[in-house]
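The values are calculated or read from the model by the stated rules, or taken from the named source; none is laboratory data. Note that the coordinates shown come from a computational prediction; the quantities given were computed from them, not determined experimentally. Virtual Cβ from ideal backbone geometry, glycine too; neighbours counted across all protein chains shown. Remember, those area values only see protein heavy atoms, side chains included, never the ligands or the DNA or RNA. Shrake-Rupley method; radii C 1.70, N 1.55, O 1.52, S 1.80 Å.
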Amino acid sequence: MPCPWASRRRRAREEACLVVLALVLIGLVGDAAGGGGGQDAPKVHRNHGKFTAGEWKQAHATFYGGRDGSGTLAGACGYKDTSAEGYGVQTVAVSTVLFNGGAGCGACYEVRCVDSPDGCKAGAAPVVVTATNLCPPNPGQSSENGGWCNPPREHLDLTMPAFLQIAQEKAGIVPISYRRVPCVKQGGIRYTITGNKYFNLVMVTNVGGAGDVSSLMVKGNKRVKWTTLKRNWGQEWQTSEDLTGESLTFRVMTGDHRKATSWHVLPRDWQFGVTYQATKNFK
């Protein structure tokens, strides 16, 4: 005959375990909800999924450069030759607000001409362009007359070839609807290091998905541990870490907090000024 107090002790232990388990689960749920003892909830980093197109906004567009896109292949984002780097002349210089200190470089926009029968090309399909330059403000002129890129205006200064796909050259400036869209790229993310062993500038190009880069890290295969680079200007990222003689891995985070790691994308004998392409990209 079993002892009744033994079964009571066993039930008490089981009930205690259930209480502890419930407290643990409550703590986990609290952390996931951002409780964390009063601390701010951490940013969500996503390694999968696709960038989602944004909402349509109203603005205006102008154009710059030559009819062949000349005069638009470089600029404040640090790209050396957008044609050679895969962006072609389907690019845009954005106003200060959209440029955002260089954080807006690489973002892709779908643009359509609206509400201007004399300026818009009838039946023209929207054009998709990549932000590769800054349209500087002109404080000497009114934001409504010449100072189109003055803060806080959101304005797109398209290359002339891109502008002519949706609007008449004679219009000069047209009202538009625009939105952020995923950047569709062929092949993987590309990395180019310039400078010297004491000061490295890393250019990141051909970024898919959100297209922009909000942070960049590098790691070597031996002595170089994970190192965070600082934005130098535009899409140029800097570090004084000696990266020579090591196979390099880069970790890119885009503005939508998704990350991609390009493992050993640069071989141990990598060279300054040479572009290396990863096998993967954002969607």
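Going through the cross-link list K80/K283; K80/K185; K222/K280; K50/K197, which pairs have a Cα-Cα distance over 30 Å in this structure? Result: K50/K197 exceed 30 Å. The smallest convex shape that holds all Cα atoms of the range 139-266, its convex hull, gives 154 Å³ per residue.
Remark: the range 130-199 carries 44 Å² of accessible area per residue (probe radius 1.4 Å; ligands, DNA and RNA excluded).
Here Q141 and S214 are evaluated by their C-beta separation; at R0 = 35 Å the FRET efficiency comes out at 0.60.
Charged neighbours of T96, selected by a Cβ distance under 11 Å, balance to 0 (K, R count +1; D, E count -1). Between V274 and R67, the FRET efficiency from the beta-carbon distance, with R0 = 35 Å, is close to 0.60. The heavy atoms of M217 offer some 50 square angstrom of accessible surface to a 1.4 angstrom probe. Residue ranking by accessible heavy-atom surface, 1.4 Å probe, largest first, among R153, R223, R67 comes out as R67, R223, R153.
Measuring only protein heavy atoms, the 1.4 Å probe finds C105 accessible over about 0 Å².
Atom-type composition of the exposed protein surface of the range 96-142 places 52 percent of the accessible area on carbon and sulfur (1.4 angstrom probe).
Between the alpha-carbon centres of the range 73-131 and the range 204-270 there is a gap of 25 Å.
Once you sort the root eigenvalues of the Cα gyration tensor of the range 47-161 as a ≥ b ≥ c, which label holds: rounded (a/c under 1.5), prolate (a/b larger than b/c) or oblate (the other case)? Rounded is the answer for the range 47-161, as its axis ratio a/c remains below 1.5.
Each Lys or Arg adds one and each Asp or Glu subtracts one; over the other residues with Cβ under 14 Å from the Cβ of R179, this totals 0.
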